[in-house]
Amino acid sequence: MSDNLRFTLERSGSLAVVGVAGRIDSSTSALFEEQMETVFAEAPDAVVIDLEQLDYMSSAGLRVLLMAAKRTKAQGQRLLLCGLSPNIREVFDISGFSAIFEIADSRSEAQSRAQA
Amino acid sequence: MFRSLRFQLFLGIFVILLGAGGIIMVSTQQQMEQALIDAENRAARNVLNLIELQVSNRYRELLMEKVRIVAERRSTLEQMGNVITATFQAYERLVERGYASQLEAQSLALEWASRMDLGGSADAFAMTREGHLIAHRDRELVGRNLGALPDLKGRSILEATEEGITNFGYAYVIYEDEVVPAGVDDGRRFAYFIDVPEFDLYIGISDRIGDVERYVETGVEATIEVLAESVGQVQVVETGFVFIFDRDLQTVTSPADWASAMVGQSDEQTGQPIMEMFRDAGQSGDGEAVHYTAQLRGGPLEMEAYVSYFRPLGWYVASTVPTDEISAPARALVQRQVLIFAMVLGASLLLAWFFAYKITGPLQRLAAYARRLPTQDFTTAGEGSDALNRLARARSEVGGLARAFGFMEGELRDNIQALLNTTREKERIESELNIAQEIQRGLLPKIFPPFPDCPQIDLHAALYPARHVGGDLFDFYFLDEHRLLFTVGDVADKGVPSALFMAITKTLVKSASGQDADPATMMERVNNDLSADNPSAMFVTLLIGILDIRTGRVEYVNAGQNPPILVPADGKDPSFIREISGPPGGAIEGVSYRHLSLQLDPGDTLVVFTDGITEAMNPANEEYGNDRLLALCGQLRGESAEQMVVTVVEDVNRHSGDATQSDDITLLCLTWQNVSPQAAKDV
């Protein structure tokens, strides 16, 4: 795993919580994609992606998130994002992705909303 | 060459041989020379001893002969003395019997004695107690005071006679007579005295002893002659010789002819006469050699001598020889040794060179092989060098090295083959990418200024992909006489997938623009087409604008594209236009996009860019940033669109420095001027 991108994965029941730290750009997006494959392999009902430790996300990272969103939507699962820093939030806002994703302010809020 | 292993081996052997040979020769020469000198010395001393022995033998013989003759004479003298004594006693008996008086008897006895002829050189005489002759065959000598004469020991004859007769009854006295008969040159005489108390006188019988001495001298002379002959034949070493001289430094036998001049010479070093040096050496008797330098054979010649002294004759026997001759055999031997050693050394060095070649030759062949290695064709499978294969069969370290070389060559061939394959593949991909790049460039407008006949718009754009091909795009064209369509887009990620998606997007925009004039509707169509079958969730942020060049009004749609910058002509600060119309194209199917519009004032410039500019990283991972771009756009107000594009790109490159370009960069600048085509033509 690259030093530039690190993950944490917690599962509680059918909820998977992925923590992402570092940078997601074209050189690390493949790692992010692999990590999401790992998460989906267990077929969770809901996935929370915590971006609090994320420093930077390029369009390549957005593409992986978009894939995840399309997948959850197709399989009737839920996908929530949380912990967006102002920089990341701006990327989401500018690109219009804010409208596509369900975004919570904190991880706990995301977890409670995911299990609701 | 001097640092080569071969030369060092060779030099090592050479030094060892030379060192060993040198030590052996030096020690041999010294020992040989000393041994030869000792031998010559012994020989010289032996010659001396032999001669001394010969001389002393001869001399002893002579002495014994002399003693024998003297004893014979003595016995004769004693017999005569006895006869005279008996005769005198007979005359005395005449007195006792009364036939004659004392005086008559004495007179008769003396008369008899005077007439007595003893034969030869012997004399009989009578001497009074006072030492006067009263009877002698030579009547003229009667009355002479013989007793006053000194004997050989310095006493008077009378004294010596009285002492002898008192102690032994007779006396022997040797003296030199002043009165010498004609024809005789030696006056020495030997006298036998006896006492005749009856007549109160001494009877003496004397004889010359010169002939005895002469006999001995004749013997000595004969001896000298024999010696001179035999000594002259003695040869010491080559030209050395033996000679004899006496205590007066006169030669008894002469030195060899070639060296006869040395007798009168002095030693070059000490200045002492050579003969004196010999004498001193003979006197000391320590057997040490005398070293001296004489002027002989036309120059100074170093000589050495042994001298012994023969005391009875007062003779010095000297054996002398030129010093060079003593050490000459040693030198000759050493010279032969040097010659032999030189030959052995030469042969050894040849062998050493051969062995050094045997050892280092393979190394040199390996070195030659290694030097040839780079010139070989590694693209073909190697069959290996014959020379290397031969070397590799050896069990020595060199063989190991050769096998390592062979292994290295094999690995090198494999690796180079693999590298060649990789390179070919890479070249193929590169070549394809180059073609793709050309194709992608062909998709973009490339004639600037694009509308020279249209003074209302100043438009310039540039695109720099981070790799060969990129996912950014821009485009512009007139939809009709008054409406200019411009678009800037950025496909997610970069590289070949993005480039394909970019080409599709551009085509879709173009086709959508042909059907409808509303950007929002165009965007919805493009989005639906892109989203229709998009498993990899590729998407493209897109800004599509339509400028009416008569009014400056811009109708546009922004699907997730970075907010464009408006640089107002009236001097207000440039600002981002942040409204968005919806998500990027391809993200979600069936989305409807908000229709946006913007009114440009004459001279206003619209700057549309992709995130490759604001997110350009420098080596310290710092982004170029929105603020810097905004500030730079303010500074560039009033510049031409081309100037703005060029300056911004330069500034971004300056920021990036050595850092790799991480994303595609696209920049489009559009300035609108409110001039009618007619007015423009007038200008």
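The values are calculated or read from the model by the stated rules, or taken from the named source; none is laboratory data. Everything numeric here is computed off the predicted structure, so don't read it as measured data. So basically every Cβ, Gly included, is an ideal-geometry build from the backbone, and we count neighbours across all protein chains shown. Accessible surface areas use protein heavy atoms only, side chains included; no ligands, DNA or RNA. Shrake-Rupley method; radii C 1.70, N 1.55, O 1.52, S 1.80 Å.
Placing unit charges on each Cβ (+1 for Lys and Arg, -1 for Asp and Glu) gives the stretch B:376-437 a dipole about its Cα centre, and among B:G400, B:F378, B:N434 the Cα reaching farthest toward its positive end belongs to B:G400. Can you check what the net charge comes to around B:D200, using other residues whose Cβ is under 14 Å from the Cβ of B:D200 (Lys, Arg +1; Asp, Glu -1)? That sum, taken over residues with Cβ under 14 Å, equals -4. Estimated from helices alone, the mean residue ellipticity of chain B at 222 nm is -17000 deg cm²/dmol (sum of -39500 (n - 2.57) over DSSP H runs with n ≥ 4, per residue). Starting from the Cα of B:R42, step 7 Å toward the Cβ, then list every residue of the stretch B:284-300 with an amide N under 19 Å from that point. Backbone N within reach: B:287-289. If you plug the beta carbon distance of B:S431 and B:S640 into 1/(1 + (r/R0)^6) with R0 = 51 Å, you get a FRET efficiency near 0.85.
Within the shell defined by Cβ-Cβ distances under 13 Å, the residues around B:Q102 carry a net charge of -3, with Lys and Arg each +1 and Asp and Glu each -1.
Could you compute the FRET efficiency for B:N528 and B:H595, with r as their C-beta to C-beta distance and R0 at 22 Å, rounded to 0.05? The calculated FRET efficiency here is 0.85.
Within the accessible area of the stretch B:382-485, what % is carbon and sulfur when the probe is 1.4 Å and the other protein chains stay in place?
Working: 3580 of 6370 Å².
On the stretch B:382-485, the fraction of accessible area on carbon and sulfur atoms equals 56 percent.
Each of B:S254, B:F168, B:T521 was scored by the projection of its Cα onto the charge dipole of the protein assembly as shown, and the greatest displacement toward the positive side belongs to B:T521; charges sit on the C-beta of Lys, Arg, Asp and Glu. Potential lengthening of the chain between B:R137 and B:Q89 amounts to 15.3 nm, from the contour at 0.36 nm per residue minus the alpha-carbon distance.
Between B:L401 and B:D573, what is 0.36 nm times their sequence separation minus the Cα-Cα distance? Round to one decimal in nm. Spell out each step's value before the answer.
Details: separation 172, 0.36 × 172 = 61.92 nm, distance 7.65 nm.
In short, 54.3 nm is gained.
Solvent-accessible area assigned to carbon and sulfur over the stretch A:5-115 amounts to 46 percent, based on a 1.4 Å probe. The stretch B:593-610 and the stretch A:83-116 have Cα centres spaced 29 Å apart.
Computed 3J(HN,Hα) for the stretch B:547-557, one whole-Hz value per residue from the Karplus formula 6.51 cos²θ - 1.76 cosθ + 1.60 where θ = phi - 60°, is 9, 8, 6, 7, 10, x, 8, 10, 9, 8, 9, glycine and proline marked x. Centre-to-centre, using Cα atoms only, the stretch A:33-80 and the stretch B:214-282 are separated by 136 Å. For chain B, the longest principal axis of the alpha carbon atoms and the long axis of helix B:641-656 meet at an angle near 40°. Once C-alpha pairs closer than 8 Å and six or more residues apart are averaged by separation and normalised to the residue number of chain B, the relative contact order reads 9 percent. Look at where the Cα atoms of the stretch B:61-122 and of the stretch B:553-572 average out, and the two centres are 190 Å apart.
Taking a ≥ b ≥ c as the square roots of the Cα gyration tensor eigenvalues, with a/c under 1.5 meaning rounded and otherwise prolate when a/b beats b/c, else oblate, which class fits the stretch B:590-683? Taking the square roots of the gyration eigenvalues as a ≥ b ≥ c, the stretch B:590-683 is oblate. Simple point charges give the picture: +1 on the Cβ of Lys and Arg, -1 on the Cβ of Asp and Glu, and for the stretch B:444-682 a dipole about the Cα centre of about 240 debye. For B:L484, the accessible surface of its heavy atoms amounts to roughly 0 Å² (probe 1.4 Å, protein chains only, rounded to the nearest 10). Label point of A:F40 set 7 angstrom out along Cα-Cβ; within the stretch A:66-101, amide nitrogens under 18 Å from it belong to A:66-81, A:100-101. Relative to the longest principal axis of the Cα atoms of chain B, helix B:157-168 runs at roughly 90 degrees.
Taking amide H as placed 1.01 Å from N in the peptide plane, A:Q53 has its amide H under 5 Å from the amide H of A:V20, each at least 5 places away in sequence or on another chain. Look at the alpha carbon pairs under 8 Å that are at least 6 residues apart: their mean separation over the length of chain A gives a relative contact order of 25 percent. Here each label is just a point 7 Å from Cα along the line to Cβ, and for B:D453 and B:A71 those points are 17.8 nm apart.
An oblate overall shape is assigned to the stretch B:458-531, the ratio a/c of its alpha-carbon gyration tensor axes (a ≥ b ≥ c) being 1.5 or greater and a/b not exceeding b/c. Our estimate of slack between B:R390 and B:L500, defined as 0.36 nm per intervening residue step minus the Cα-Cα distance, is 33.7 nm.
Listed here are the pairs A:K73/B:K510; B:K426/B:K494; B:K426/B:K510; which of them are more than 24 Å apart at the Cα?
Numbers: A:K73/B:K510 32 Å; B:K426/B:K494 19 Å; B:K426/B:K510 34 Å.
Those over the limit are A:K73/B:K510; B:K426/B:K510.
Ordered from largest to smallest accessible area (heavy atoms of protein chains, 1.4 Å probe), the residues B:L53, B:L62 come out as B:L53, B:L62. Put simply, chains B and A cover up around 1700 Å² of each other's accessible surface, both sides summed, when a 1.4 Å probe is used.
Can you give me the solvent accessible area of B:L63 with a 1.4 Å probe, rounded to the nearest 10 Å²? Ignoring ligands and nucleic acids, B:L63 comes out at about 70 Å². Within the stretch B:40-54, find all residues whose amide N lies under 19 Å from a label point positioned 7 Å from the Cα of B:D286 along Cα-to-beta-carbon. Residues passing the 19 Å test: B:41-42, B:45.
Distant-in-sequence amide contacts of B:N674, defined by a placed amide H-H separation under 5 Å and a gap of 5 or more residues or a different chain, comprise B:G603. Taken along the Cα-to-beta-carbon direction at a fixed 7 Å, the label points for B:D324 and B:Q31 span 2.9 nm. Scalar couplings 3J(HN,Hα) for the stretch B:172-177, obtained by applying the Karplus form with A = 6.51, B = -1.76, C = 1.60 to θ = phi - 60°, are 10, 9, 10, 8, 10, 7 Hz; x denotes Gly and Pro.
All other residues with a Cβ under 12 Å from the Cβ of B:E72 taken together, and with Lys, Arg as +1 and Asp, Glu as -1, what is their net charge? Write down the numbers at each step before the final one.
Working: positive: B:K66, B:R68, B:R73, B:R74; negative: B:E65, B:E78, B:D207.
The answer is +1.
Karplus-based coupling profile of the stretch B:403-420, in residue order and whole Hz: 4, 4, 4, x, 4, 4, 5, x, 4, 4, 4, 4, 5, 5, 4, 4, 5, 4, with θ = phi - 60° in 6.51 cos²θ - 1.76 cosθ + 1.60 and x standing for Gly or Pro. The simple Förster model, with R0 at 60 Å and r as the Cβ-Cβ distance, assigns B:E176 and B:K358 a FRET efficiency of 0.05.
A simple spin-label model places pseudo-atoms 7 Å from Cα toward Cβ; at B:L373 and B:D658 they are separated by 3.3 nm.
For the stretch A:5-115, rounded, prolate or oblate, judged on the Cα gyration tensor with a ≥ b ≥ c (square roots of eigenvalues), a/c < 1.5 rounded, else prolate if a/b > b/c?
Numbers: a/c = 1.41, a/b = 1.25, b/c = 1.13.
Verdict is rounded for the stretch A:5-115.
When the dipole is taken about the Cα centre of the protein assembly as shown, and only Lys, Arg (+1) and Asp, Glu (-1) are charged at their Cβ, what size is it in debye, to the nearest 20?
Working: 69 positive and 112 negative charges, 473 e Å.
About 2280 debye.
Helix B:210-233 and the longest principal axis of the Cα set of chain B meet at an angle near 20°.
Loop-located GluC sites (Glu not before Pro) across the stretch B:369-432 with a Cβ neighbour count of 13 or fewer within 10 Å are B:E383, with loop assigned by DSSP. Within 10 Å of each Cβ in A:62-69, how many Cβ atoms from other chains are there, averaged over the peptide? Partner Cβ neighbours, averaged per residue: 6.
Once you mark the chymotrypsin sites (Phe, Trp or Tyr not before Pro) that are in a DSSP loop and have at most 16 other Cβ atoms within 10 Å, what is the longest gap between them in chain B? Spell out each step's value before the answer.
Numbers: sites that count: B:F2, B:Y99.
Between exposed loop sites, the widest span is B:100-683.
Legend: residues B:T128, B:T251, sorted from most to least accessible area (1.4 Å probe; ligands, DNA and RNA excluded), read B:T251, B:T128.
Where in the stretch A:97-112 does accessible area fall by at least 10 Å² between the isolated chain and the complete protein assembly, at a 1.4 Å probe radius? When all protein chains are present, A:F97, A:I100 each give up 10 Å² or more of accessible surface.
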